[in-house]
Amino acid sequence: MAASYDFVQLDVFTQMPLAGNPLAVFTDARGLTDKQMQALAREMNLSETTFILPREPELEATYGKRVRIFTTREELPFAGHPTLGTALYLYSTTNTAPDEIILDLNVGKIPVRFTADSTGARNNRAEGDVFGEMRQHDPEFGAILPREDVARESWVEPDLKSFSQAVDTDQHSGSASEKEL
């Protein structure tokens, strides 16, 4: 990887520096392979790293901004904080004033709507003076896994009552769910 690739690091879900949920955004990832993106995400060592793949304006108008999301271990079809953070970066660096940025993620198109809280919201810097709201796809549920199998893979004794009460073993594409102990 002899080429140079610019990236920014954002703090998502906060207005204070060095707080919130950090996110690395590679602003133009054209030319990077899947393996290189994965290696860069591993090097960033954050929860997620995003890669913006700019394309022709006509395609972006139709399909949205192409973005890929990686953890240190794998590519994700969708994740909330990198979606909002990347959309905020794009919003803050545009010369126009869109109310909405559409990201073309592996899960499909995700619209993110923005409301500016001050006139300084668009100054080529994401300062947190903007509120972003997205509409994600509904989760897709899979098979219910046997609690004993989940317990075994989790290194927990399957006869523990607290495990049975605390863990929801449904497979789904959304966040993990827990019941109160």
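Each value in this text was obtained by applying a stated rule to the coordinates, not by laboratory testing. Predicted, not measured: the structure shown is a model, and the values here were computed from it. Neighbour counts run over all protein chains shown; Cβ positions are idealised from the backbone, glycine included.
When ASP34, ASP11 are arranged by Cβ crowding within 10 Å, least crowded first, meaning fewest neighbours, the order is ASP34, ASP11. Segment THR93..SER4, full-extension length gain: 30.0 nm, with 0.36 nm per residue of separation and the alpha-carbon distance subtracted. Taking Cβ atoms as reference points and 9 Å as the exclusive limit, the residues near LEU103 contribute a net charge of +2, counting Lys and Arg as +1 and Asp and Glu as -1.
Here THR115 and MET16 are evaluated by their C-beta separation; at R0 = 25 Å the FRET efficiency comes out at 0.80.
Pull out a ≥ b ≥ c, the square roots of the eigenvalues of the alpha-carbon gyration tensor of the range 7-134, then state rounded if a/c is under 1.5, prolate if not and a/b is larger than b/c, and oblate in the remaining case. Because a/c hits 1.5 or more and a/b fails to exceed b/c, the range 7-134 counts as oblate.
Residue order for ASP104, ASP28, ASP138, fewest other beta carbons within 10 angstrom first, comes to ASP138, ASP28, ASP104.
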